[in-house]
1. Relative to the compact globular guide of 2.2 N^0.38 Å, what is the alpha carbon radius of gyration of region 187-281, as a ratio?
2. List every residue whose amide H lies under 5 Å from the amide H of residue 213, counting only residues 5 or more places away in sequence or on a different chain, with H placed 1.01 Å from N in the peptide plane.
3. Build a GNM of the chain with springs between Cα atoms under 10 Å: which of 79, 175, 161 gets the top mean-square fluctuation?
4. Specify whether the C-alpha gyration tensor of region 44-127 places it in the rounded, prolate or oblate class, a ≥ b ≥ c being the square roots of the eigenvalues: rounded for a/c under 1.5, otherwise prolate if a/b is larger than b/c and oblate if not.
5. Enumerate the amide H contacts of residue 192 below 5 Å, restricted to partners 5 or more residues apart or on another chain; note that Pro and chain-start residues carry no placed amide H.
6. Just to confirm the filter: which GluC sites (Glu not before Pro) across region 1-66 are DSSP coil and have at most 14 other Cβ within 10 angstrom of their Cβ?
7. Among 323-336, 285-298, what's the highest-first ranking by average C-beta atoms within 10 angstrom per residue?
8. How many percent of Cα pairs in region 46-182 exceed 27 Å?
Amino acid sequence: MDPQNVFCPNPECPARGQLGQGNIGIHSQKEQRYRCHVCGKTFASRTGTAFYRLRTAEETVTRVVTLLAHGCPVQAIVVAFGLDERTVQAWQARSGAQCRRVQTHLVEQPRDLGQVQADELWAKLQGLKVWMAMALQVSTRLWLGGVISARRDRELIGALVQKIRACALPRPLLVCVDGLATYVKAVRQVFRDPVPRDHQTGRRRLRPWRGIYIAQVIKQYAKQHVVGIKRRIVQGRRAAVQRLIDRSQGEGGINTAYIERLNATFRARLHRLVRRGRGLARQVPTLEHGMYLIGAVYNFCTFHQSLRVRCLGRPDRVGHRWHERTPAMAAGLADHRWSVHELLAYQVPPARWTPPKRRGRQSKATQALVTHWCT
Ligand SMILES: [Zn+2]
């Protein structure tokens, strides 16, 4: 147990989420509990991880979750490990929720995206049909997130574009999509900021972000085969679009190849995590957990061949020709490939404490807490 690398998870505590402040001590080695000297509460070392309150060994859970994340059918795991199906489903749900926390905390942060590709996949999952819309940053191959729905409608696309915006800094951004007109509307609607109001009346005006480019790849089908591809720029100048493409993928033209490749991975893996004969409403949470699990393992735990870089003059890599990287490493979110155990045990710190709102002036004691913990 190492109190230096632990923060207080208590939402009421002024020291919540802060590392290395010396406020954590060991409460019990045997029970693996820490104590926070600021709020006086004790907490388990596995609070906020996928292992919290599980009795099974972490190693077994990790192994099962690794299999799930790579599309191993639940039934196979049940037989191989002698587990109850409900146990496996529960671990999948837990780890999915954990991966969602990690994804939101680390990936859904504003960054200079350059080029993003978005696409929807239509999956037939054991008798039910779903649409899953996902987005990827091209230069790092980072999966930015996905949305699941029964219909491929404005809501689905709107929710996905909101996710892209959550990951974007206001810098030049190229969004490459398929021929679905909904994207164009959604991108134009979502990438806007309110104009500072100069008078009190009237509706608040919204100003579109500058440097948002939209390109479409429209595939023409005949008898389910692609017979032609049309590429067009819906918004922005050609030279600027090409600059963003060159910057993010090195070469090539307008395409959606990277996201299509990722979609295929997801489709193959997600397919087996769904139970036969269940309605969509009951399956959506399962699907979401599965999607986050697959996505986070892809982002943090999987080397991507196209992301490797030559090791030239790196003293720590003597004897290696290539330095392999995961999408998270390429995006600067990690300095090594995470193991699935690291992903499941990662503790997402809560946001900094803010004092509860009260009428009147703050007491001296509260002021002292604010100066110590909030500045
Ligand atoms: Zn505390």
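1. Numbers: Rg = 20.3 Å, N = 95, 2.2 N^0.38 = 12.4 Å.
Computed over Cα atoms of region 187-281, the ratio equals 1.63.
2. 173, 174, 175
3. Most flexible of the set in this elastic network: 79.
4. On the way: a/c = 2.92, a/b = 1.33, b/c = 2.19.
Oblate.
5. 209
6. On the way: sites: 12, 31, 58, 59; in loops: 12, 31.
Sites meeting the loop and neighbour criteria: 12, 31.
7. Numbers: 323-336: 18.4, 285-298: 23.6.
Listed from highest to lowest mean packing, they are 285-298, 323-336.
8. Values: 3291 of 9316 pairs.
Here the long-distance tail beyond 27 Å is 35 percent of all Cα pairs in region 46-182.
The values are calculated or read from the model by the stated rules, or taken from the named source; none is laboratory data. Because the structure is a prediction, the values reported are computed rather than measured. Note that we place each Cβ from the backbone using ideal geometry, even for glycine, and neighbour counts take in every protein chain shown. Side chains are part of the model used for accessible areas, which takes the heavy atoms of the whole protein and leaves out ligands, DNA and RNA. Shrake-Rupley method; radii C 1.70, N 1.55, O 1.52, S 1.80 Å.
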